[in-house]
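The values are calculated or read from the model by the stated rules, or taken from the named source; none is laboratory data. None of the values given here were measured: they were computed from a predicted structure. Reconstructed Cβ throughout: ideal geometry from the backbone, glycine too, with neighbour counts over all protein chains shown. For the accessible areas, the whole protein counts, side chains as well, though only heavy atoms, and no ligand, DNA or RNA atoms are used. Shrake-Rupley method; radii C 1.70, N 1.55, O 1.52, S 1.80 Å.
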Amino acid sequence: MKPRVAYAGMSHLGVCSAAAAASKDFNVVGFDPDPALTAGLAAGRTPVFEPGLDALLTENASRLTFTSDAEALAACDLIYIARDVATDDSGISDLAPVDSLIAAVMTAAKRDAIVVILCQVPPGFTRARTLPGRPLHYQVETLVFGIAVERATQPERFIVGLADPVEGLPAAMAEFLSAFGCPILPMRLESAELAKMSINICLAASVTVANTLAGIAERTGADWREIVPTLKLDARIGPKAYLDPGLGLAGGNIERDIAALRAIARDTGAEAGLLASIAASSAYSRDWALRALHESLATPSPDVTVALLGLAYKPDTHSIKNSAGVALARHLRGWRLRVHDPLVDAKCLGDQNACAFADPLEAVIGADALVLTTPWAIYRTLDPAKLAAAMRGRIVVDPYRLLDPAACERAGLLHRVLGTK
């Protein structure tokens, strides 16, 4: 008989992971101490937006049980602690809710249940919470906002931390992970915890390289997007290299790892100048749109009306964690803002001068300047000629080059693009 699987913590990570496990024909319990949250899930109301998630939950509803009763965990063979880890504005993690879930799970679970921490935690966290006779394991979570369903159902690999890798994976865990048909990489607990952070730091380094060189391209007459294909054809860098310039790091996950590793380096005496440089570069890159706006306006002032398209930190998510759009809006607090985002309500800005619109073209009416801060697909369909007709001014700050430059030029728009002079 297949092992019965549970996920404790029904935030983004837990819900997506539970749905993916059910899709592999396992019976799954989704536990959370919040009864309103689990009741909503049982009724088909998901607490997060993720493309394909509602359909995945519906298709596998017969194998999913959502509950706030911890006693339901007693029937489970494999239990994941799967709550998202919140961070503050400096990227510092709040691990107290994870500890609360661990305590609840260890109290309710049967003694031979396999308990695995799936949350992102620093090296040493899992071993420090292991009790005699009650081993804890760690598994690297691989979800990415906007493509979480794909990542959960078709993972590239599983990285698993064990107290003693020589002993191998527990049988129930091995059977469960094997159902996903991808490589399984067992290692010591601390190595697995650091592996996740290492992946994020490598991504952050790639982002920093792209943003740094795109900034130089702007000032030298080069076009960074013409350079990118030459790098992707270099075997040492590769076709999947993350080389698109953007508005700094956002979402919280990578920022959290930078903050955590910088703290570890301070405490242990390790050299971590690279991490400080990445953090500084990210902060500088996040404000590119603000600098471009000020450079383009003849007289920057609150009398200017700015159309702001995009508040989510990336497309296909409602998360605004460290969002460049939200940061820009806060810099422009007191200005007249006309705002659109497909998922995020402009009320999150707390600015009475920020007016929300249901249609992006409506948001640009009468604007002196337009700034596109999230590369939503809908913004790529905007016609520059219609934008020019609706706007009062001619400034378009478009870091991701969502609009066609030639069409913008024909429409008489001053089109500012990151990485291009």
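Pairwise inverse Cα distances across the chain, averaged and inverted, put the Kirkwood hydrodynamic radius at 23.2 Å. Where only DSSP H runs of four or more residues are counted, the chain gives -11500 deg cm²/dmol as its mean residue ellipticity at 222 nm, each run worth -39500 (n - 2.57).
Summing Cβ point charges (Lys, Arg +1; Asp, Glu -1) relative to the Cα centre of the chain gives a dipole of roughly 520 debye.
Listed peptides 257-268, 116-127 appear in the order 116-127, 257-268 once ranked by packing, highest mean of other Cβ atoms within 10 Å at the front.
The largest-to-smallest principal axis extents of the Cα set in segment 323-419 are 37, 25, 22 Å. Annotation: lysines with alpha-carbon distance below 26 angstrom to K314 (same-chain offsets under eight excluded): K196, K232, K240, K347, K386, K421. A Cβ-based charge dipole, computed about the Cα centre of segment 235-320 with Lys and Arg at +1 and Asp and Glu at -1, lands at about 240 debye. Local charge for R291 was computed over the other residues whose Cβ lies under 11 Å away, with Lys and Arg +1 and Asp and Glu -1, and equals -1. Within the shell defined by Cβ-Cβ distances under 12 Å, the residues around T107 carry a net charge of +2, with Lys and Arg each +1 and Asp and Glu each -1.
As a rough guide to protection, the peptides 314-322, 231-239 ranked by mean Cβ packing within 10 Å, highest first, stand as 314-322, 231-239. Remark: the chain carries 44 Å² of accessible area per residue (probe radius 1.4 Å; ligands, DNA and RNA excluded). When only the Cβ of Lys, Arg, Asp and Glu is charged (+1, +1, -1, -1), the dipole of segment 202-268 relative to its Cα centre reaches about 140 debye.
Once all protein chains are placed together, K386 keeps about 120 Å² accessible to a 1.4 angstrom probe.
Restricted to Cα atoms, segment 127-258 shows a radius of gyration and a Dmax of 18.9, 64 angstrom. Each of L185, A204, I216 was scored by the projection of its Cα onto the charge dipole of segment 157-270, and the greatest displacement toward the positive side belongs to I216; charges sit on the C-beta of Lys, Arg, Asp and Glu. In this structure, E156 and T130 have a Cβ-Cβ separation that, at R0 = 30 Å, corresponds to a calculated FRET efficiency of about 0.60.
Taking all protein chains together and rolling a 1.4 Å probe, Y242 ends up with roughly 120 Å² accessible.
The residue among L402, G146, P47 whose Cα reaches farthest toward the positive pole of the charge dipole of the chain, with charges on the beta-carbon of Lys, Arg, Asp and Glu, is L402. Could you tell me which residue out of L308, A241, P229 lies farthest along the dipole of segment 221-311 toward its positive end? Charges go on the beta carbon: Lys and Arg +1, Asp and Glu -1, centred on the Cα centre. Checked the options; the winner is A241.
Summarising the strand pairing of the chain, around 10 percent of its internal DSSP beta bridges are antiparallel. Sorting 390-397, 162-169, 273-280, 66-73 by average packing, meaning the other beta carbons within 10 Å per residue, from highest down gives 390-397, 66-73, 273-280, 162-169. Expressed as a whole percent, the accessible surface of segment 1-119 that belongs to carbon and sulfur atoms is 52, based on a 1.4 Å probe. For P342, the shell of other residues with beta-carbons less than 13 Å away shows a net charge of -2, using +1 for Lys and Arg and -1 for Asp and Glu.
Between S17, S301, S93, the Gaussian network model of the chain with springs among Cα atoms under 10 angstrom shows the greatest mean-square fluctuation at S301. Mean projected area of the convex hull spanned by the Cα atoms of segment 197-349, taken over all viewing directions: 11.2 nm². Helix 96-108 and the long axis of the chain differ in direction by around 30°, with both axes built from C-alpha atoms.
Distance from the Cα centroid of segment 217-247 to that of segment 34-81 is 42 Å (rounded to whole angstrom).
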